[in-house]
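Visitor: Sharing a structure below in structure tokens format, with a few things to ask.
The values are calculated or read from the model by the stated rules, or taken from the named source; none is laboratory data. These numbers were taken from a predicted model, which means no experiment stands behind them. Cβ placement follows ideal geometry from the backbone for every residue including glycine, while neighbour counts extend to all protein chains displayed. Calculation scope for accessible area: heavy atoms of the full protein, side chains included, ligands and nucleic acids excluded. Shrake-Rupley method; radii C 1.70, N 1.55, O 1.52, S 1.80 Å.
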Amino acid sequence: MTSKKEKLSTEPYKGVRDFYPEDQAFFNYLLATYRSVAERFGYVEYHASILEPSDLYKSKGAENEEMVNEQTYTFVDRGQREVTLRPEMTPTVARMVAARRRELGFPLRLFSIPNVFRYERPQRGRLREHWQLNVDLFGSKSLAADAESIAVAADIMRAFGATEDDFEIRIGSRTFLNNFLKEKGLDEERGRKFITLLDRRSKISAGDFHTQMHELGIDAPSFDQLPVPSDVAEVIELVRSLGIHNVRFDSSIVRGFAYYTGVVFEVFDTHPDNNRALFGGGRYDNLTALFDDEPITGVGFGMGDVTMRDFLEVRGLLPAYLPPTKLYIAVASVENVPDALTIAQELRAQGVAVAVDFGDKKLADQIKAATKHRVPYLLIVGQNEVTSNTFAVRDLTSGSETKLSRKDLASFFLSL
Ligand code: HAM
């Protein structure tokens, strides 16, 4: 009897994704769109390692208990150092800015598109590894910086083809909430409960919200009627002056991280099938104080690729996949492979992306492979074509053919 070895699963690790060419093509489109908008606003790209000392997420000020205790991938390395796969980029960029505070020019505009890891229960819009555009501005207290951050976010949405009806920008204020807590005389613990309750508001019923507010000694209806805080009002006015109108104050926008200190915002999808927060950010005054005494204020946001893809998918805004390869060269028989190779090489020299079949399978199967790869054009190299120096270029979508001499092939593809 032959012993059957148990085979490994082809599934990726739980909550992470494989990027097959179509996924990677979409991802590249996402990166290119993020980059072009961020750069248009004067932001420059940086990068850092996935690995950070775990202390970065434990120190007072950076704390987010749920994140640190339950959601990080943390391990001890061979040198007994506690290491964490970054769950977000903000502490890292704060560290980098603090490290070079004397050399860097302020206001400093930075962006990055890192992968980040969170041990969350995988579900729609939530995975264990995602890629997150981070756009941050350091060293300006001006509310114009908060408004700029929101404008970058809105322009990215537009660059993806979204209109103002497709999403809504809801703005809140930590300053306002902190003042409110002080006024009501809520202690730290009840203050935290209040913030958590606001953060969960959209996930619970109105009745539960009212009851829990009441337990904290707050009257929900009168809380909801408080006037728009002055910082939020100013940011909304600035954002509107930039031609962005789908913004409004929402007192329940608080954001999960403890480091936010000022204006905070979340962008919501308005589609009934995907009615959820897409991404968000805000002002954080003290994060660089983890590294030295003089804090540098920061304002920015993080935009994940998973929620963005869902958003585009629901709205039919995903671009159609087209491989970079323009032409597939099939061969009538293996004898034609050397000719196919030289023709391909001539075309490549002129800038055409060409893949060659090596004739392992019969012609019909070679053509099937070209179709599976979604290559738009096919050319068959056989003895007749080589002798006559004329090739039929087949459009694999329509089936139509164009007869061309060898020297005219490149210009045909370059003019597409
Ligand atoms: P965050 O809200 O935790 O903020 O994450 C920002 C965005 O990343 C989310 O709105 C969502 O688009 C995406 N995201 C978060 N967790 C997951 C997940 N498990 N799976 C898929 N996507 C996810 C921050 O991380 C802040 N550091 C952002 C920031 C930058 N604030 C200022 N600057």
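Visitor: I'd like the full set of residues that are farther than 22 Å from Y20 by Cβ and either of a type in the set (F, W, Y) or crowded, with 20+ Cβ neighbours inside 10 Å (or both), limited to segment 357-376.
Guide: If the condition is that a residue be farther than 22 Å from Y20 by Cβ and either of a type in the set (F, W, Y) or crowded, with 20+ Cβ neighbours inside 10 Å (or both), then F358 is the only one that fits.
Visitor: Residues that are more than 25 Å from W131 (Cα to Cα) and of a type in the set (A, V, I, L, M, F, W, C), at least 1 per element: which strands (runs of 3 or more DSSP E) completely within segment 276-388 meet that? So that I can check it myself, show each step before the final result.
Guide: Working: elements: 277-284, 298-304, 327-331, 354-356, 377-381.
Answer list for segment 276-388: 327-331, 354-356, 377-381.
Visitor: When only residues in segment 279-316 that are of a type in the set (A, V, I, L, M), at pLDDT 95 or above and open to solvent by 10 Å² or more (accessible area, probe 1.4 Å) count, which is nearest to the ligand (Cβ to nearest atom)?
Guide: Going through segment 279-316, the residues of a type in the set (A, V, I, L, M) turn out to be 287, 289-290, 296, 299, 303, 306, 308, 312, 314.
Next, only the ones that are at pLDDT 95 or above stay: 296, 299, 303, 306, 308, 312.
Narrowing further to those that are open to solvent by 10 Å² or more (accessible area, probe 1.4 Å): 296, 306.
Details: I296: 14, V306: 4 Å.
Taking the candidates together, the pick is V306.
Visitor: Quick one: A233 ticks every box in (1) open to solvent by less than 10 Å² (accessible area, probe 1.4 Å); (2) closer than 23 Å to E183 by Cβ; (3) at pLDDT 95 or above; (4) more than 15 Å from the ligand (Cβ to nearest atom) bar one, so which box is it?
Guide: (1)
Visitor: Any chance segment 157-172 includes a residue that's assigned by TED's automatic domain parsing to the domain that holds V267, among the β-branched types (V, I, T) and in a helix (DSSP H, G or I)? Steps first, please.
Guide: First, pick out the residues of segment 157-172 that are assigned by TED's automatic domain parsing to the domain that holds V267: 157-172.
Those still in the list that are among the β-branched types (V, I, T) too: 163, 169, 171.
Narrowing further to those that are in a helix (DSSP H, G or I): none.
No, that holds for no residue.
Visitor: Out of segment 187-243, which residues are more than 32 Å from the chain's Cα centre (by Cα), closer than 19 Å to F265 by Cα and acidic (D, E)?
Guide: If the condition is that a residue be more than 32 Å from the chain's Cα centre (by Cα), closer than 19 Å to F265 by Cα and acidic (D, E), then D224 is the only one that fits.
Visitor: Would you check if R118 is within 14 Å of the ligand (Cβ to nearest atom), assigned by TED's automatic domain parsing to the domain that holds L238 and under 30 Å from T74 (Cβ atoms)? Let's see the steps before the verdict.
Guide: Details: within 14 Å of the ligand (Cβ to nearest atom): yes; assigned by TED's automatic domain parsing to the domain that holds L238: yes; under 30 Å from T74 (Cβ atoms): yes.
It is true that R118 is within 14 Å of the ligand (Cβ to nearest atom), assigned by TED's automatic domain parsing to the domain that holds L238 and under 30 Å from T74 (Cβ atoms).
Visitor: From A320, A369, A364, A349, which residue is in contact (Cβ under 8 Å) with a residue 12 or more places away in the chain, more than 16 Å from the ligand (Cβ to nearest atom), outside the structural domain of D285 (by TED's automatic domain parsing) and farther than 30 Å from L287 by Cα? Quick ask: steps written out before the conclusion?
Guide: Numbers: A320 fails: in contact (Cβ under 8 Å) with a residue 12 or more places away in the chain; A364 fails: in contact (Cβ under 8 Å) with a residue 12 or more places away in the chain; A349 fails: in contact (Cβ under 8 Å) with a residue 12 or more places away in the chain.
Testing whether each residue is in contact (Cβ under 8 Å) with a residue 12 or more places away in the chain, more than 16 Å from the ligand (Cβ to nearest atom), outside the structural domain of D285 (by TED's automatic domain parsing) and farther than 30 Å from L287 by Cα leaves just A369.
Visitor: Turning to a different aspect of this structure: Residues in segment 49-71 that are at pLDDT 95 or above and open to solvent by 20 Å² or more (accessible area, probe 1.4 Å): how many?
Guide: 4
Visitor: Name the single residue that is nearest to the chain's Cα centre (by Cα) among those in segment 122-144 being assigned to a loop (DSSP other than H, G, I, E, B) and more than 9 Å from the ligand (Cβ to nearest atom).
Guide: Restricting to residues being assigned to a loop (DSSP other than H, G, I, E, B) and more than 9 Å from the ligand (Cβ to nearest atom), the top hit is R124.
Visitor: Which residues, counting only those in segment 240-266, are part of a strand (DSSP E or B), open to solvent by less than 10 Å² (accessible area, probe 1.4 Å) and either at pLDDT below 95 or within 17 Å of R201 (Cβ to Cβ) (or both)?
Guide: Step one: filter segment 240-266 for residues part of a strand (DSSP E or B), giving 247-249, 263-266.
Pick out the ones that are also open to solvent by less than 10 Å² (accessible area, probe 1.4 Å) and you get 247, 263-265.
Once the filter is applied, which keeps residues that are part of a strand (DSSP E or B), open to solvent by less than 10 Å² (accessible area, probe 1.4 Å) and either at pLDDT below 95 or within 17 Å of R201 (Cβ to Cβ) (or both), segment 240-266 yields V264, F265.
Visitor: Starting from segment 84-98, keep only residues that are at negative phi and in a helix (DSSP H, G or I), then list their pairs with residues that are modelled with pLDDT under 95 and near the ligand (Cβ under 8 Å from one of its atoms) whose Cβ atoms are within a distance under 8 Å, requiring at least 6 positions of separation or different chains.
Guide: These pairs meet every condition: T90/F257.
Visitor: Residues that are within 12 Å of the ligand (Cβ to nearest atom), open to solvent by 70 Å² or more (accessible area, probe 1.4 Å) and modelled with pLDDT of 95 or more: does segment 106-113 have at least one? Working first, answer last.
Guide: The initial filter retains those residues of segment 106-113 that are within 12 Å of the ligand (Cβ to nearest atom), namely 110-113.
Then keep just the ones that are open to solvent by 70 Å² or more (accessible area, probe 1.4 Å); that gives none.
The answer is no, given that none of the residues of segment 106-113 is within 12 Å of the ligand (Cβ to nearest atom), open to solvent by 70 Å² or more (accessible area, probe 1.4 Å) and modelled with pLDDT of 95 or more.
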